[in-house]
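Working notes, beginning with the structure itself.
Nothing in this text is a laboratory measurement; each read-out follows from the coordinates by a stated rule. None of the values given here were measured: they were computed from a predicted structure. Because the Cβ atoms are built from the backbone with ideal geometry, glycine has one as well, and the counts that use them run over all protein chains shown.
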Amino acid sequence: MSEANTVSEASTVSEASTVSEASTVSVPEVIVHRDAQLLAKAVAARLVTRCVDAAAARGTASVVLTGGGIGTAVLAELAVSPARDAIDWQHLDIWWGDERFVPTGDPDRNETGARSALLDHVDNDPARVHPMPGSDGPDGDDPEAAAARYAAWLADATSPEDHGPVPEFDVLMLGIGPEGHVASLFPGMPALYDERPVVAVRGSPKPPPTRLSLTLPSIQAAREVWILASGAEKAEAVAMALSGAGPVQVPAAGARGRQRTLFLLDSDAAAKVPPQIGRQGTH
């Protein structure tokens, strides 16, 4: 079965209706791997290919990283992959989809995990690594100002071809929570209605309570959005995100790329994928 045909025609309308600009987003494809380790290896290999292709086409590439267990596992697999040096790290822009608003170096930060798993082991250009500000940053303990600062950095990195306030990222990776959250966009929270590129999130149901996050419009600016999930505890959220739910109730339902949206799952996370939605077989 080809990847382009992994979602039934019937699901196209329901999925497209979950976002504000249906014509600019893609219909999700589901790709399943046998277990979490194989999933992490496969995503790492896919990321190498995508970065190499993007750099060949435009001279640079851009990736948005996620944290969490599977997101960090992908970076660790990439770090030990013989193919990692195929990436032109000096011309790769690295961004984050969300961050805990705690001091730089705090183990809770996605940046901390990403540096330990991968970024400290490759020859990247520090000027092209763009972590979200911490609570020890130039804006102090003001997450709204920190969010505006990150939005300004994103705006500075855009080109006319991006047609918006953020770059058209080549790959934007997201985890998914058991209740369907992506980045730090949780069900029913005000950030889901916000059209600014980056927002401060207060009162997160997951600690720590204060975070920074890209909004859905920024996520939808990416060429490709990859939603990564492993484990049976994610199966219900994955199913809801693929079943036509609205993004206010299930934020992952609004996480769609302009050209491609991939749900990259292990078999446990894929256990409740609706039968009318095709998927590539288990590897």
Take the chain, mark every one of the GluC sites (Glu not before Pro) that falls in a DSSP loop and has at most 15 other Cβ within 10 Å, then report the longest stretch left between them, sites excluded.
22-194
Can you tell which of Pro167, Val201, Pro178 lies farthest toward the positive end of the dipole of segment 138-246, using +1 and -1 charges on the Cβ of basic and acidic side chains (Lys, Arg; Asp, Glu)?
Pro178
Work out the length of the dipole vector of the chain about its Cα centre, built from +1 on the beta-carbon of each Lys and Arg and -1 on the beta-carbon of each Asp and Glu, and round it to the nearest 20 debye.
560 debye
In the chain, which whole DSSP H runs stretch at least 18 Å along their own axis (Cα) and average 0.5 or higher on the Kyte-Doolittle scale?
36-58, 68-80
Using a Gaussian network for the chain with springs between C-alpha atoms less than 10 Å apart, which of these wobbles most: Gly164, Gly113, Gly244?
Gly164
Which whole-Hz ³J(HN,Hα) couplings does segment 183-192 yield from phi under the Karplus relation 6.51 cos²θ - 1.76 cosθ + 1.60, θ = phi - 60°, glycine and proline marked x?
6, 10, 9, 9, x, x, 8, x, 4, 6
Diffusion coefficient, µm² s⁻¹, Stokes-Einstein with Kirkwood Rh over alpha-carbon pairs of the chain at 37 °C and 0.692 mPa s:
176 µm²/s
Simple Cβ-charge dipole of segment 94-243, Lys/Arg +1 and Asp/Glu -1, about Cα centre, in debye nearest 20:
320 debye
Would you please state which residues of segment 68-102 a label at Arg196 would reach in this model, taking the label point 7 Å out along Cα→Cβ and a backbone N cut-off of under 19 Å?
96-102
Quick one: which residues, 5 or more positions from Thr104 or on another chain, have an amide H under 5 Å from its amide H? H modelled 1.01 Å from N in the peptide plane, none for Pro or chain starts.
Gly134, Ser135, Asp136
Spatial separation of Cα centroids for segment 180-226 and segment 147-167, in angstrom:
17 Å
